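Below: one structure, written as structure tokens.
Values quoted throughout were computed directly from the atomic coordinates according to the rules given, and no laboratory measurement underlies them. Predicted model, so just to flag it, every value in this text is computed and none were measured.
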Amino acid sequence: MEKNSLEIICPMCKSASLSANKENFSQTRAAIGAAAFGAQGMLYGLGGSNNVVITCLACGYNFKPGEGATETDFEAKNKIAKQKVEQVERRKQNRKLVVFLMLMAIAIFIIWLYNSIVV
């Protein structure tokens, strides 16, 4: 089966098993509204009930429409991550080379100093 590169997938686990649902009445919001404004504040629990939430069935991650990812998004992120890893490796190699050259210079200086004192 061929994968469509524009298929929306979970931005966390890359799973295509997604479920889209509307938000329901929020008891937490209703309690906050009731505490702040009394009985009329309980209507605050209905706020945001028309929003759509997408849930990944594999990992349980919730995200809004437009926050999903595609395979090309992951490929681009992986390419950037590989470039950063290569830069870090090059820096490590350069540091090792600099340390080696400094040790060699110190050794040559010590040999020169010893020869100048002894002679």
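Descriptive notes on the structure:
- Prolate/oblate/rounded label for region 71-119 (Cα gyration tensor, a/c 1.5): prolate
- Gain on full stretching of the segment that runs from Val99 to Ala35 - 0.36 nm per residue minus C-alpha separation: 16.5 nm
- For the pair Lys77 and Trp112, the difference between a 0.36 nm per residue extended length and the Cα-Cα distance amounts to 7.3 nm.
- Cross-link reach is defined here as a Cα-Cα straight distance under 20 Å, omitting same-chain residues fewer than 8 places apart; for Lys14 the lysines meeting it are Lys3, Lys64, Lys77, Lys79, Lys82.
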